[in-house]
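So the structure is just underneath, and the comments pick up after that.
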Amino acid sequence: MSDLRRYGGRKLKDNQVKQQARPKRNNYYANDNKKSYNKNNYQARGRRPMPRRKPSSVKIIPLGGLGQIGMNITAFECNNQILIVDCGLAFPDEDMLGIDLVIPDITYLKDNASKIRGLVITHGHEDHIGAIPYFEKELNVPIYATKLTMALIENKLKEHGILNNVERHVVTHGDKVKLGIFNVEFIKTNHSIADAAALAITTPAGVIVHTGDFKIDHTPLFGEAIDLARFAELGSKGVLALMADSTNVERQGYTPSEKNVGKRLDNLFAEHLKGRMIIATFASNVDRVQHIINSAHKYGRKVAVEGRSMVNIIATASELGYIKIPKNTLIETDQIKNYPDDQIVLITTGSQGETMAALSRMANSTHRKVSIVPSDTIIFSSSPIPGNEKNISKIMNELALKGAQIVFEDTHVSGHACREELRLIYALTKPKYAIPVHGEYRHLMRHRELAIEMGIPKENAFVLAEGDVLELNKRQGKIAGKVQAGGILVDGLGVGDVGNIVLNDRKLLSQNGLIIATVTLQKHGNMILAGPDIVSRGFVYVRESESLMEGARDVARDAVEECLERNITDWARIKTKIKDELSNYIWKKTKRNPMILPIITEV
């Protein structure tokens, strides 16, 4: 019996005794209701309960693109690493006099440059790639984008002379890129430019889906339809947050397919067999350009391209195979005169009424190569960007005065999702949090309402402002702070050297004009040697206001003499006296308030 023991009335071997005497290890973890697994039992045996692990969090920091259309850039920060999505520009408002571009303030990124792992781009529109050269000059971060998007970025880097300095990686839809702790998947979407992508960003806190600018087009002209199946797969596995396009959230239903525009354009070609056709559209709308080329070839017309951005994008897209131009179809603008008008199509920029665009110069009779004639048919194949309606109307009126026929109905479809498309994306991804992006404030608010309708709790639907720091994890989301954000003004070669003070001066000059008062004083003496002379710019026409100008001279002279009599030699005080006296005089006489600039010299 030395090798056997009695157990439960039976004889068992040692190993059998051990198996019977101890519950199976798995029983401890079977479920909470069984006695074999009880937290109190662990404590009684001297075992410490497992500490509750704090969930990982991710910070989402929009540095642009919210509350406006344009300047899209968002930073994702987790475990001291940063991923950046898009880096676009905005075009100046009417009150930004003399400003060329507005780019995002990246002070926060410069302060945390060592944390940045990469710059990922959703598509090739200016409001998503336009600021990249300025960004790369400051930070020099690797860029990841699809083929056409990268080609457009490279054109910009080349213009700024930094192409060879920037690390670039071309990806395709379905690719997954590991950037530090971030894994980024590029998902096929449809937009008004080819190669657009949504992003599935996997972080330790969960998966964030960023749609980029998108619509659901089941019959796109180029490439495949949006990969809805992949959105559904992500939703089935769990999506932490959805950041979706808000541009068309106020529109009911679905955005029409790009093929609808193709049919409309083809019908217009059939209806207008006489005279030239001049079609203005967005330079980046590669699919639309392909429609126009197809119809032109069908009806025996040659195609000329006008506008620098249009020429560059068509050349790039054609080289990469995104636009197919039949042989002997494309001609130079200089060659238009060699063909009858009914054999010509001109594709041009200027659909938004931009002052210096090709169509605007044609309308103003300042274009060197093209003059509008009554037999021309001019098609606006784009929708007005909010704020541009007045400029577009002005151009249309100028073209109509020259006798041209103008067509703008049903010649464009949007590249952005309407409400039902957004509902579908929410239904497929089932996110825990909703973060509307890309839109003005009213768009973001309407998008939040839609997200709540789709089952997102109110406390989980966030309308952010630029610079907000949204911290998310699987338990909760909250705005945890704010960083410096906003727009940097670009004026010529100057970046950031024009601020609110300069803009205010420009506004004052544009509204009321300028008066310059110059006076020459004796050095170390109290005597006026010359002046004061009064110069007016943008205030009044001097030859017709001689009495006003003479009175202004007297007022300025009296102000200087008063200062000299009181032994005031400080130039700043003398200038202030001149400015105050002239301002009072001019206001009484004209009820205007021009900028007054006193200038003092000593001899």
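Any residue that is of a type in the set (S, T, N, Q) and either closer than 18 Å to residue 118 by Cβ or crowded, with 19+ Cβ neighbours inside 10 Å (or both) - is there at least one of those in the stretch 212-224?
Residues of the stretch 212-224 that are of a type in the set (S, T, N, Q), as a first pass: 219.
Subset that is either closer than 18 Å to residue 118 by Cβ or crowded, with 19+ Cβ neighbours inside 10 Å (or both): none.
No; the residues of the stretch 212-224 include none that is of a type in the set (S, T, N, Q) and either closer than 18 Å to residue 118 by Cβ or crowded, with 19+ Cβ neighbours inside 10 Å (or both).
For the stretch 160-180, which residues satisfy the criterion of being touching a strand residue (DSSP E or B) at 6+ places or on another chain (Cβ under 6 Å) and either on the phi > 0 side of the Ramachandran plot or in contact (Cβ under 8 Å) with a residue 60 or more places away in the chain (or both)? Hits for the stretch 160-180 are 179, 180. Just one of (1) surrounded by 18 or more Cβ atoms within 10 Å (Cβ to Cβ); (2) free of Cβ contacts under 8 Å to residues at least 60 places away in the same chain; (3) of a type in the set (Asp, Glu) fails for residue 466. It is (2).
Among 260, 248, which is the only one that is closer than 23 Å to residue 454 by Cβ and either of a type in the set (S, T, N, Q) or at pLDDT 95 or above (or both)? None of the others qualify; the one that does is 248.
With a cut-off of at least 2 residues that are under 28 Å from residue 100 (Cα atoms) and touching a residue at least 40 places away in the same chain (Cβ under 8 Å), name the helices (runs of 4 or more DSSP H) lying wholly within the stretch 345-451. Show your work before the answer.
On the way: elements: 358-363, 389-401, 419-429.
The helices (runs of 4 or more DSSP H) meeting that bar are 358-363, 389-401.
Is it the case that the stretch 420-440 has a residue that's touching a His at 6+ places or on another chain (Cβ under 9 Å), surrounded by 15 or more Cβ atoms within 10 Å (Cβ to Cβ) and not assigned by TED's automatic domain parsing to the domain that holds residue 473? No, because not a single residue in the stretch 420-440 is touching a His at 6+ places or on another chain (Cβ under 9 Å), surrounded by 15 or more Cβ atoms within 10 Å (Cβ to Cβ) and not assigned by TED's automatic domain parsing to the domain that holds residue 473.
Out of curiosity, is residue 448 basic (Lys, Arg) and touching an Asp or Glu at 6+ places or on another chain (Cβ under 9 Å)? It would help to see each step written out before you state the result.
Details: basic (Lys, Arg): yes; touching an Asp or Glu at 6+ places or on another chain (Cβ under 9 Å): no.
Considered against the rule, which asks whether it is basic (Lys, Arg) and touching an Asp or Glu at 6+ places or on another chain (Cβ under 9 Å), residue 448 comes out as no.
Quick check: is even one residue across the stretch 147-163 part of a strand (DSSP E or B), modelled with pLDDT of 95 or more and aliphatic (A, V, I, L, M)? Scanning the stretch 147-163 turns up no residue that is part of a strand (DSSP E or B), modelled with pLDDT of 95 or more and aliphatic (A, V, I, L, M). Taking the stretch 110-143 as the range and being among the hydroxyl-bearing types (Ser, Thr, Tyr), buried (at least 19 other Cβ atoms within 10 Å of the Cβ) and more than 16 Å from residue 184 (Cα to Cα) as the test, only 134 passes.
Step by step: first the residues of the stretch 165-180, then only those that are charged (D, E, K, R) and assigned to a strand (DSSP E or B), then the one that is farthest from residue 79 (Cα to Cα). Which residue is that? Residue satisfying both the conditions and the ranking: 168. When the stretch 167-178 is filtered for residues that are under 23 Å from the mean Cα position of the chain (by Cα) and aliphatic (A, V, I, L, M), the ones remaining, listed by number, are 170, 171.
Here is a check on your reading of the model: is residue 553 over 48 Å from the mean Cα position of the chain (by Cα), at pLDDT 80 or above and either surrounded by fewer than 19 Cβ atoms within 10 Å (Cβ to Cβ) or not in a helix (DSSP H, G or I) (or both)? Yes. For the stretch 343-358, a residue qualifies if it is at pLDDT below 90 and within 22 Å of residue 301 (Cα to Cα), and the qualifying residues are 349, 350, 351, 358.
Going by the structure shown, is residue 230 touching an Asp or Glu at 6+ places or on another chain (Cβ under 6 Å), in a helix (DSSP H, G or I) and of a type outside the set (Asp, Glu)? No, not satisfied.
For residue 279, state whether it is in contact (Cβ under 8 Å) with a residue 12 or more places away in the chain and surrounded by 22 or more Cβ atoms within 10 Å (Cβ to Cβ).
Details: in contact (Cβ under 8 Å) with a residue 12 or more places away in the chain: yes; surrounded by 22 or more Cβ atoms within 10 Å (Cβ to Cβ): yes.
Yes.
The values are calculated or read from the model by the stated rules, or taken from the named source; none is laboratory data. Please read all numbers here as calculations on a predicted model, not as lab measurements. Here Cβ is always computed from backbone atoms with ideal geometry, including for glycine, and neighbour counts include all displayed protein chains.
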